[in-house]
Amino acid sequence: MKTLFRILIVLSFFAIIYYYTSESSYELEPLEGPNSSSPVIPKTVSPEGFEDALPRPETGMSTYIHQHSDMVLNRFGNPDRIDMSAYGYEWWVYNKNIESFVMFGIEDEMVTQVYIIGEGLDASPYKIGQSLDEIYRMTIVDTEITAQIGENIYTFSMTERDMRTRILTIFEGVFAQLYMDSFNDRLIGIRFMDSKTLVKHRPYEMTFVGDLIRPPSLNSYVLQESNESNAKQLYDLVNIFRQHHDVPMLEWDYGASVVAMKHSEDMYTGNYLSNESPTNGSLKERLNAHSVQYNEAGENLATAYFDAIEAAHGWFNSESHRELILNEKFTHVGSGVFINYYTQIFINKP
């Protein structure tokens, strides 16, 4: 019995040494999205003339915009998941097949936006995997894009980085956000949407003449549902990124997700952006407090993105965050979102 007791003491001693000396966690610089510094500026004078809009594609996923949701059901069947958003629409998520992964924004039974990331769907007039040079040759690309809703006029201004990573283009009645991979200048995701959705999102610096369209006020139920939906979408997207780069997919980890959610809420209520919580400590301390077992862990943080799609693409275009997403060592992931604070924790299970 005494021998066993001595062995336990020795093992505890080495465990303590390992805890304080091991480099088993990666805490990266948090990512602050472009929406953090994108002002909304009212004006009294309308802009002089609008840019030319391209003809609306006659085929492809953009044709669902302004259509009844029955059209989606007839083509794709019932969604695999229905997610709540903070903007008054639902996301119908079809995620069984990564190559045909698609999300439809549905508001009042009408399709307001479509997001695609797989090569198995028709993205006309674009194609997933298309080069940036080819997009510039075939598309009218301007640093300013204008949307008109009734008598109201909204003008969006893109930065130099936007013109390489998330380009906004206009067709007749439809807008397209082109999400580029800035490391190889290839198109990896597209969001088609109507003008009202674009104005509610405000993804770029915006000036307007007339009335400002605002997102709806959120009650506690909608807030919780939209937070959980964004967390699920982060999980979907990180696995799509990994599969497209031949990296094994990650499993969902409940414990890591609880830690991630609590950290996002803590950052929001404490008005800070850091891996180090003033009350709950480092990533390692937060995981240990919730008895999450792991060999290695890493954490991506972000704020000021209007939804999970924007946050995921933001991480993927940041070198250090991208390396964490594509790290083959990790086996599980947990995501947590609170309003516009995003946390994703990667772990390698023992």
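The values are calculated or read from the model by the stated rules, or taken from the named source; none is laboratory data. Fair warning: this is a prediction, and the values are worked out from it, not measured in the lab. Note that each Cβ is placed from the backbone with ideal geometry, even for glycine, and that neighbours are counted across all protein chains shown. When the accessible area is computed, the model is the full protein with side chains, heavy atoms only, and any ligands, DNA or RNA have been set aside. Shrake-Rupley method; radii C 1.70, N 1.55, O 1.52, S 1.80 Å.
Residues checked against (1) of a type in the set (D, E, K, R); (2) at pLDDT below 95; (3) loosely packed, with under 15 Cβ neighbours inside 10 Å; (4) under 15 Å from residue 112 (Cβ atoms):
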{"site": "182", "(1), (2), (3), (4)": "no, no, no, no"}
{"site": "187", "(1), (2), (3), (4)": "no, no, no, no"}
{"site": "205", "(1), (2), (3), (4)": "yes, yes, no, no"}
{"site": "213", "(1), (2), (3), (4)": "no, yes, no, yes"}
{"site": "219", "(1), (2), (3), (4)": "no, yes, yes, no"}
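Out of the residues in region 140-162 meeting the condition of being among the β-branched types (Val, Ile, Thr) and free of Cβ contacts under 8 Å to residues at least 40 places away in the same chain, tell me which one is farthest from residue 176 (Cα to Cα). Please lay out each step first, then the result.
Taking region 140-162 first, the residues among the β-branched types (Val, Ile, Thr) are 140-141, 143, 145-146, 149, 153, 155, 159.
Keeping just the survivors that are free of Cβ contacts under 8 Å to residues at least 40 places away in the same chain gives 141, 143.
Values: 141: 11, 143: 14 Å.
Here the residue is 143.
So how many residues does region 239-256 have that are touching a strand residue (DSSP E or B) at 6+ places or on another chain (Cβ under 6 Å) and either at positive phi or open to solvent by less than 10 Å² (accessible area, probe 1.4 Å) (or both)? Give the derivation first.
Residues of region 239-256 touching a strand residue (DSSP E or B) at 6+ places or on another chain (Cβ under 6 Å): 250-251, 253, 256.
Of the ones still in play, those that are also either at positive phi or open to solvent by less than 10 Å² (accessible area, probe 1.4 Å) (or both) are 250, 256.
Residues that pass the stated criteria total 2.
Restricting attention to region 173-187, does a residue exist that is touching a residue at least 40 places away in the same chain (Cβ under 8 Å), more than 26 Å from residue 152 (Cα to Cα) and among the small types (Gly, Ala, Ser)?
Looking only at region 173-187, we keep the residues that are touching a residue at least 40 places away in the same chain (Cβ under 8 Å), and these are 173-174, 176, 178-183, 185-187.
Now restrict to residues that are more than 26 Å from residue 152 (Cα to Cα): 179-183, 185-187.
Narrowing further to those that are among the small types (Gly, Ala, Ser): 182.
Checking region 173-187: at least one residue is touching a residue at least 40 places away in the same chain (Cβ under 8 Å), more than 26 Å from residue 152 (Cα to Cα) and among the small types (Gly, Ala, Ser).
Could we say that residue 88 is on the phi < 0 side of the Ramachandran plot and assigned to a loop (DSSP other than H, G, I, E, B) here?
no
Residue 172: over 18 Å from residue 230 (Cβ atoms) and either aromatic (Phe, Trp, Tyr) or more than 16 Å from the chain's Cα centre (by Cα) (or both), yes or no?
yes
Can you run down the residue pairs with Cβ atoms below 6 Å, 6 or more apart or on separate chains, where the first is in region 318-342 and surrounded by fewer than 24 Cβ atoms within 10 Å (Cβ to Cβ) and the partner is assigned to a loop (DSSP other than H, G, I, E, B) and of a type in the set (Asp, Glu)?
Qualifying pairs under 6 Å: 332/253.
Across region 148-162, what is the number of residues that are touching a helix residue (DSSP H, G or I) at 6+ places or on another chain (Cβ under 9 Å) and either in a helix (DSSP H, G or I) or open to solvent by 80 Å² or more (accessible area, probe 1.4 Å) (or both)? Give the derivation first.
Filtering region 148-162 down to residues touching a helix residue (DSSP H, G or I) at 6+ places or on another chain (Cβ under 9 Å) leaves 148-149, 152, 154, 156, 159, 161-162.
Keeping just the survivors that are either in a helix (DSSP H, G or I) or open to solvent by 80 Å² or more (accessible area, probe 1.4 Å) (or both) gives 148, 161-162.
Here the count works out to 3.
I'd like the residue in region 257-291 that is touching a Ser or Thr at 6+ places or on another chain (Cβ under 7 Å) and open to solvent by 40 Å² or more (accessible area, probe 1.4 Å) and, out of all such residues, is nearest to residue 349 (Cα to Cα).
Here the answer is 276.
Take region 275-317 and flag every residue that is free of Cβ contacts under 8 Å to residues at least 60 places away in the same chain and of a type in the set (Asp, Glu).
Result: 285, single match.
From the list 204, 272, which residue is farther than 22 Å from residue 92 by Cα, in contact (Cβ under 8 Å) with a residue 12 or more places away in the chain and not hydrophobic (A, V, I, L, M, F, W, C)? Steps first, please.
Numbers: 272 fails: in contact (Cβ under 8 Å) with a residue 12 or more places away in the chain.
Sole residue among the options that is farther than 22 Å from residue 92 by Cα, in contact (Cβ under 8 Å) with a residue 12 or more places away in the chain and not hydrophobic (A, V, I, L, M, F, W, C): 204.
Would region 60-69 turn up any residue that is open to solvent by 70 Å² or more (accessible area, probe 1.4 Å) and in contact with a helix residue (DSSP H, G or I) (Cβ under 7 Å, 6 or more places away or on another chain)?
no
Under 6 Å between Cβ atoms, at least 6 apart or on separate chains: pull out the pairs that start in region 56-81 with a residue that is farther than 20 Å from residue 193 by Cβ and end on any residue that is part of a loop (DSSP other than H, G, I, E, B) and at pLDDT 95 or above.
These pairs meet every condition: 80/95.
Keeping to region 282-324, report how many residues are farther than 15 Å from residue 253 by Cα and β-branched (Val, Ile, Thr).
Residues meeting the conditions: 2.
Consider region 107-147. How many of its residues are of a type outside the set (S, T, N, Q), open to solvent by less than 10 Å² (accessible area, probe 1.4 Å) and in a strand (DSSP E or B)?
The number of residues fulfilling the criteria is 6.
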